[in-house]
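Down below is the structure, laid out as structure tokens.
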Amino acid sequence: MFDMVPFTTRYATPKMWDPFKEFFSTVGRTAATDIKETNDAYLIETELPGYDKSEISVSVKEGVLTVHAEHKNEQSPDEGYLRRERTWETVERSFTVTDVDTSAIRAAYVNGVLTVTLPKIPEVIPETHDIEIQ
């Protein structure tokens, strides 16, 4: 089974001068995520454009997989920009995972998309032994 836990998005953007712009710039913003299932694994594909690979972490603790991305650049996010539409945010998504081999989870970050592969634990089919009646 694979369930999404409520996600959080935190913003590191300084307060904007226009309260409407501030409100609408933060409503519904999160890292878009697709989840696929194959015969032997689950694939989580999360869009994280503009992050460096070193700014992204993936961890599993007590059946919860967490993807965390945070810009670590010391420069002010609005410094030098005349217009800024891309956000400067910290994003965290969590997923409840069961029936997954947590020791074999792999992650790759290519072209702004983080792909996490979670291998399924193979189903154990109990063996049947015929007992000879004497």
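Apply 1/(1 + (r/R0)^6) to the Cβ-Cβ distance of Glu45 and Glu123, taking R0 = 22 Å, and write down the FRET efficiency to the nearest 0.05. The partial results should precede the final answer.
Working: r = 25 Å, r/R0 = 1.13.
With a Förster radius of 22 Å, E is 0.30.
In nanometres, what is the gap between the two model label sites at Ala108 and Asp52, each 7 Å from Cα along Cα-to-Cβ?
So the two model labels end up 2.3 nm from each other.
Multiply the residue gap between Lys61 and Lys36 by 0.36 nm, knock off their C-alpha separation, and tell me the result in nm, one decimal place. Write out the running numbers ahead of the final one.
Working: separation 25, 0.36 × 25 = 9.00 nm, distance 2.14 nm.
Separation in residues times 0.36 nm, less the Cα-Cα distance, equals 6.9 nm.
Give a quick list of trypsin sites (Lys or Arg not before Pro) in the stretch 40-109 that DSSP marks as loop, anything other than H, G, I, E or B, with at most 10 other Cβ atoms within 10 Å.
Hits after loop and neighbour filter: Lys72, Arg83, Arg86.
Sticking with the crude label model, points 7 Å out along Cα→Cβ, report the distance from Leu82 to Glu132 in nm, one decimal please.
With each label point 7 Å from Cα toward Cβ, the separation is 9.2 nm.
No value in this document is a laboratory result; all are computed from the given coordinates. Predicted model, so just to flag it, every value in this text is computed and none were measured. Neighbour counts run over all protein chains shown; Cβ positions are idealised from the backbone, glycine included.
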